[in-house]
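Colleague: After the structure tokens below, expect a handful of questions from me.
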Amino acid sequence: MTKTVTLLGLESSCDDTAAAVVRHTPGALPEILSSVIAGQTDLHADFGGIVPEIAARAHAEKLDICVEEALIQANLHLSDLDGIAVTAGPGLIGGVVAGVMCAKGLAAGSGLPLIGVNHLAGHALTPRLTDQAPFPYLILLVSGGHCQFLIAKGPDDFTRLGGTIDDAPGEAFDKTAKLLGLPQPGGPSVEGEAKTGDPNRFKFPRPLLDRPGCDMSFSGLKTALLRERDRLVAEHGGLRHADRADLCAGFQAAVADVLAEKSRRALAKYLQLSPGTPALSVAGGVAANMTIRGALESVCDDAGTTFLAPPLALCTDNAAMIAWAGIERFRAGERDDMTLQARPRWPLDQQAPAMLGSGKKGAKA
Amino acid sequence: MQHNPLILAFDTSAAHCAAALLSGDKVIATGFEEMARGQAERLMPLLEQVLAEAGVAWKDLSAIGVGIGPGNFTGIRISVSAARGLALSLGIPAIGVSSLEAQAIDAARPVWSLIDARRDHLYAQYLRPNGDDEAPSLLSAREAAALDGARVGPDALGDPAPAIARIAASRITKAAKAPIPRPAPLYIRTADAAPPRDPAPLILP
């Protein structure tokens, strides 16, 4: 297929409401014509975490406004597009439903095809949007809700090498910030505090490093941090600034060490495929952390593998990645109809056994 | 204004998928299915069915009427989100109509309109003859039992779509050239969320 394809993307699976227009002509670089993101950080600030019902309420009243804005910025009308791509899961179901229904309304009224996109595929295919990465490449998806290693072999062909068996690192950063009286989101505030801290003062655990494979665990790290905090508070009647900085630095070093070592193992497995131009790409908000990024970069250097880090705005949740993943599906001839279902759980690798939430709703990831 | 405005109304605020097509002052097609779940998958096909039955297309519509609740939070969002998407793609207004008003469309005012809010509570609104209505509120069953005056509900609703369509039509006429606000869910109940239990530690210099 040689036709230019222009898609609108909608994203509402967590706490960012987003709409974007992406255009691609075979042989040319993909163009992000617009990418609008309305965050909800302030709405959730008082609750120490994302409240699903509050998120869903905001998405329902913001999505169409983001779409209008994305079309204006792209200087296009709906009639100029080839289709509408929307995150159909996995994620917080109230927001996903709002997005899917808005997209259905847009598709019905405009007569454009509807394309449901897996949110994780959006992240996992971003290296193709930003760097035209050829398959197969290795991707570490590390965010507030997810942490897994995937080999991307095709737009709809992913093999999971391993992932977290409990918390995601982004979640651990948020909880750390909460325990230490730092503002949300925890990623930037813990990283900022860690700058003046000593990463070696506290010996936090590196869970599962003693076991083979690429699975990870971060909940024990949080418990260890809580124990140290309580000990320091009991000793001094409060938490001293310098102690807090050391706790942050120690916590961050532990996360970076675990991700680096597991990346080394994932790379070894991936390199067995003898990829032509080996590459490891990161995606997800935690990829913004410079210490973690540095650790991954040096792992890649050691393995002679290219390290790809998409710009931060395309690492965190956005709709350009959904439009792009939609373009890949569209080119493969895939379309959805008006019965498209919003799915709270939707693992990218359907073959691998469930790691999380293998309850009646099926595997989360 | 068009000679015979065509208004498509729909509602998924309770255990149903409901749609009605109004042409002028006549309901020319309806669809009503009781369902506890699956409205998000069923709604659009049902709307297409109703349009096909009347032999009209999406682009023939002059407005959308949508039920905004109160009721099931997710159900309300299903319809409101679809209505906003349709309004944007068709370039026509979407008008939000509350279930409290819809179920009382033929009731003599003043009247208390009541809807079951579960957990021993009711959504209530006092509707006046001149349309200067009280803001809706959440009442305990005991408070609702003590209300004075005529009442409609809490289980009179049935298929709300024809009433939503008629009320939407009257709003368009009234609004004339004033802009119609985008439909927004009428939750009344706040989101269940509590501040964190574990307070942050005292930070020392």
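Colleague: Which translational diffusion coefficient, to the nearest whole µm²/s, is obtained for segment A:251-337 from the Stokes-Einstein equation, given a Kirkwood hydrodynamic radius over C-alpha pairs, 37 °C and 0.692 mPa s?
Modeller: After rounding, the answer is 225 µm²/s.
Colleague: Something else about it: Provide the percentage of antiparallel DSSP beta bridges, counting only those with both residues in segment A:135-313; round to the nearest 5.
Modeller: 60 percent
Colleague: With a Förster radius of 30 Å, plug the Cβ-Cβ distance of residue A:337 and residue B:155 into 1/(1 + (r/R0)^6) and report the FRET value to the nearest 0.05.
Modeller: Rounded to the nearest 0.05, the efficiency is 0.30.
Colleague: While we're here: I need the fraction of alpha carbon pairs in chain B separated by more than 23 Å, rounded to a whole percent.
Modeller: Of the Cα pairs, 46 percent sit more than 23 Å apart.
Colleague: How far is it, in nm, from the label point at residue A:301 to the one at residue A:72 when both lie 7 Å from their Cα along the line to the Cβ?
Modeller: It works out to 4.6 nm between the two label points.
Colleague: Still on this model: Against the 2.2 N^0.38 Å scaling, with N counting residues, where does segment A:213-280 land? I'd like the Cα-based Rg ratio to two decimal places. Could the numbers behind the result be given before it?
Modeller: Numbers: Rg = 17.7 Å, N = 68, 2.2 N^0.38 = 10.9 Å.
Here the answer is 1.62, to two decimals.
Colleague: Let me ask you something else. Go through segment A:7-21 residue by residue and turn each phi into a ³J(HN,Hα) via Karplus (6.51, -1.76, 1.60, θ = phi - 60°); whole Hz please, and just put x for glycine and proline.
Modeller: 10, 8, x, 10, 9, 7, 8, 9, 10, 10, 9, 9, 9, 8, 10
Colleague: Roughly how tilted is helix A:320-331, in degrees to the nearest 10 and between 0 and 90, from the longest Cα axis of chain A?
Modeller: Tilt relative to chain A: about 50 degrees.
Colleague: Kirkwood Rh over alpha-carbon pairs of segment B:1-91, then Stokes-Einstein at 25 °C and 0.890 mPa s: what D in µm² s⁻¹, rounded to an integer?
Modeller: 187 µm²/s
Colleague: On to the next question. Taking only Cα atoms of segment A:135-313, what ratio of Rg to Rh do you get with Rh as the Kirkwood inverse-distance radius?
Modeller: My calculation puts Rg/Rh at 1.00.
Colleague: If you consider only alpha-carbon coordinates, what radius of gyration and Dmax does the protein assembly as shown have, in Å?
Modeller: Both quantities, over Cα of the protein assembly as shown: 26.2, 81 Å.
Colleague: Top to bottom by accessible area (1.4 Å), largest first, where do A:2, A:339, B:12 land? Please list the in-between numbers first.
Modeller: Numbers: A:2 120, A:339 70, B:12 0 Å².
The residues order as A:2, A:339, B:12, largest area first.
Colleague: Report the Rg/Rh value for segment B:56-165, based on alpha-carbon coordinates and the Kirkwood definition of Rh. Let's see the in-between values first.
Modeller: Values: Rg = 15.4 Å, Rh = 15.0 Å.
Using only Cα positions, Rg/Rh for segment B:56-165 is 1.03.
Colleague: Taking the full set of protein chains and a 1.4 angstrom probe, give the accessible area of residue B:97 in square angstrom, rounded to the nearest 10.
Modeller: My reading of the accessible area for residue B:97 is about 0 Å².
Colleague: How far is helix B:73-90 tilted off the main Cα axis of chain B, in degrees rounded to 10, range 0 to 90?
Modeller: It works out to around 40 degrees.
Colleague: If you don't mind, there's one more thing I want to ask. Using the Cα atoms of segment B:102-174 to build a convex hull, what is its mean projected area in square nanometres?
Modeller: Quarter of the Cα hull surface area: 5.1 nm².
Colleague: If we restrict to alpha carbons, what Rg and Dmax does segment A:81-183 come to, in Å?
Modeller: 16.7, 52
Colleague: What is the projected area of the convex hull of the Cα atoms of segment A:149-220, averaged over all directions, in nm²?
Modeller: With every direction weighted equally, the projected area is 6.6 nm².
The values are calculated or read from the model by the stated rules, or taken from the named source; none is laboratory data. Everything numeric in this text was worked out from a predicted model, so none of it was measured. Cβ atoms come from the backbone with ideal geometry, glycine included; neighbour counts cover every protein chain shown. The protein model used for the area step is the full one, side chains on, heavy atoms only, and it has no ligands, DNA or RNA in it. Shrake-Rupley method; radii C 1.70, N 1.55, O 1.52, S 1.80 Å.
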